[in-house]
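Read through the structure below, which is laid out as structure tokens, and then see the notes.
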Amino acid sequence: MRFIFKTSYDRDIDLFEDGWHRARIAALLAVLVALPFLLGEYYLAEATNLLIWSLAGMGLMLLVGHSGQVSLGHAAFLAIGAYTDAALMHCGLPWPVAFAAAGLVSGLFGALVAIPAIRMSGIYLAIATLALFVLVEEAVILAEPITGGIGGIMAPPIQLFGISFERYGALANFYWLCLGVVAAVTLAYANLLRSPTGRAFMAVRDSEVSARALGINVARTKTLAFGLSCAATGLAGSLMGHFLGFFNYEAFSIFISINLLLVVTIGGLGFIQGAFLGAILIAAVPQVLSILRDVSGIDTSGYPGLETVVFAAILIGFIIYEPMGLYGRWLKIRTFFDLFPLCRRDMFRRQKSYLKTERMR
Amino acid sequence: MELVQLLLGGIANGCIYGLIALGFVLIYKASEGVNFAQGDMMMLGAFVTLGFVNADRMDLPFLPGVALACLVMGCVGYGIDRFLVRGVFGQPQFAMVILTIALGFALRFVAGTIWGYSPLVLETPLAGVNLELAAGLAVSAADAATIVTTVVLTVLLWAFFARTRLGLAIQAASQNQLAAYYMGIPVKFVNSLVWALSGIVATVAGVLYAAKGAIDPNIGLLGIKAFAAAVIGGFGSLPGALAGGVIVGLIEATAQRYGPSGISQMAPYALMLLVLVFWPGGLFAQIRAKKV
């Protein structure tokens, strides 16, 4: 094992552990940039989808993983982002403006929602966001002039400086666009986490009472977390709208919310990497299932919803046996090899917290 | 007269929501977690009953069939707690939310695989019978049975929690697990028992729901509406759940009749958000905010 000798505070809070870490991230980025030359059309579309899902996952991760608030209604913010973007582009605004507006509108809406929501905790918040989701879905259906109602709406193709970023015509360009957005958001997210604001998020997550005692404005912190999370999700929604090309309210169903939750839980709550790992899993399971079906020759057409139940089974397995998710598992494996003979089984054991309620009856 | 008729239908629908909400409240009372699969347990209960009762299935008489279904669903509830929910014992509440959401999908798949995804009708002796209360005011037997059963069940459960040793033990376990454990209450067993109980309540709700129309594996989504009921009534309060259910049912019925289209879908949730904002603990609040 290796010790990193830190000689200054800046070194301590550096984004990267050491040069080797920096090099690995650079290599990963290089591979991602080169991906359109390596993959065929089909898999490149999958990769784009994966990037968009990771972006949405990062949005939810900020909320669930880093500030400890559960949202079951994030599909609503995806929808708000997608519809804002499409509606503004139909008004003739260029894409960057519409894209920024999508993030801004969903972020502001999220912050607005947060004002009542921060008074609730845990379950109540989860249910309130679920209700919010239903309300937004109905509102989308009712607001036909803007959203196209049940019929749906077309996301206009993106044109920048004469270059087409259309999803079907110029997929590689669209992929690079998504990659750029995802990379920028990831960088901002990683930086946020080492800023006082990010530390405040985590303090609020771990104990609201002690965070307040340390002088953190809990209400403001929670509202900010909600707003930022919804903004990131709105950006993802806008990209998702362009990726789908044509969408209606069904594209942002309750199952999308739950898939997002799946992304962050399976990926590993509280790790940015988790959002990506979870998105990879979400994208890979249908592929693996279809490959298995072809290889084994079993006819699964008699079992609609098989995919969902596989997701459900994976989720149950992770929640019970590996609550830290894929990234947590990777950390354990890495620690095992780092400390090789000295690793102990209980190193990662979590303190159990037993229920003590403030209910009166 | 029309309004009374409308309200009666609303109350009967609301009782179904109230019954599902009762299931939420039971589990909330015991472990302060919310069972997001409650709607799907109701769906499964209805299908199990259908499997016992319908002529083309096992063709048992109605009441024994329902009793048997309650027994089966009680075991299912017990098993869910014993083998799944106990695995997240002592973890944050969030874990149970996700676990039960996933469980809901699994139950839906199970029901869809066994009974198919097309709507089926449960054969009940209540079907097609109407009771004339006054001139021009009729109530279907299914609605009447729903209202009566719901009230009786709520009173029974309330008495169980308030008057029996086991009920007290359950409340103790829910207020402070560790302290209850030290006092000799078998906390884990008690939790499983509550899950079994909520499985039975879910079955009753499912049967009453099925008496009013066809069922398919997706009726479990009704559970979301029952959330509204439970939240409006205040989680953790049995009469509150019933009251919340009736309020949701009434609002839905009146909004459907007098409001513009689409409003009846939104009304229960809008009301729920309002309640959450102004009475965060629900109308029958039992939680006080922790002060620093």
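In this structure, B:Y117 and A:T7 have a Cβ-Cβ separation that, at R0 = 51 Å, corresponds to a calculated FRET efficiency of about 0.20.
Once both labels are positioned 7 Å from their Cα atoms along Cα-to-Cβ, the gap between B:A159 and A:D338 label points is 6.1 nm. Pairwise Cα separations in chain A fall into 20 Å bins from 0 onward with the following percentages, short to long: 26, 58, 15, 0.
Taking all Cα-Cα distances within the protein assembly as shown, those exceeding 36 Å account for 42%. Under 5 Å between amide hydrogens, built in the peptide plane, is the criterion, and for A:L72 it picks out A:T129, A:L130 among residues at least 5 positions away or on other chains. Close amide-amide hydrogen proximity is noted between A:A155 and A:G245, A:F246, A:F247, each under 5 Å apart and 5 or more residues distant or on a separate chain (H modeled in the peptide plane; Pro and chain starts excluded).
Within the range B:31-56, list the residues whose amide N lies under 19 Å from a label point set 7 Å along Cα→Cβ of B:C75. Those under the cut-off are B:41-54. Computed with the Debye formula from one identical point scatterer per Cα of the range B:170-210, without solvent, the log10 of I(q)/I(0) at q = 0.16, 0.26, 0.35 Å⁻¹ comes to -0.48, -0.77, -1.06. 3J(HN,Hα) along the range B:188-200: 5, 5, 4, 4, 4, 4, 5, 4, 4, 4, 6, x, 5 Hz, from the Karplus curve 6.51 cos²θ - 1.76 cosθ + 1.60 with θ = phi - 60°, whole Hz, x for Gly and Pro.
Scalar couplings 3J(HN,Hα) for the range B:107-123, obtained by applying the Karplus form with A = 6.51, B = -1.76, C = 1.60 to θ = phi - 60°, are 4, 4, 5, 4, 5, x, 6, 7, 9, x, 9, 7, x, 10, 10, 7, 7 Hz; x denotes Gly and Pro. If you average 1/r across every pair of different Cα atoms in chain B and take the reciprocal, what Kirkwood value do you get, in Å? Radius from the Kirkwood sum: 19.4 Å.
What pairs from A:K6/A:K332; A:K222/B:K188; A:K222/B:K29 go past 31 Å between their alpha carbons? Flagged as over cut-off: A:K222/B:K188. Residues whose amide H lies under 5 Å from that of B:G234, counting only those 5 or more places away or on a different chain, are B:L283, B:F284; hydrogens are built 1.01 Å from N in the peptide plane.
Please work out the FRET efficiency for the pair B:R257 and A:L39, using the Cβ-Cβ distance as r and a Förster radius of 60 Å; give the result to the nearest 0.05. The formula returns an efficiency of 0.60 here. Full extension of the chain between A:M347 and A:I146 yields a length gain of 66.9 nm, computed as 0.36 nm times the residue separation minus the alpha carbon distance.
Taking a point 7 Å out from the Cα of A:M154 in the direction of its Cβ, the residues of the range A:84-104 whose backbone N falls within less than 20 Å of it are A:84-96, A:98-99.
Bear in mind these aren't lab numbers, they're just calculated from the coordinates by the rules spelled out. Predicted, not measured: the structure shown is a model, and the values here were computed from it. Positions of Cβ are backbone-derived with ideal geometry, glycine not excepted, and every protein chain shown enters the neighbour counts.
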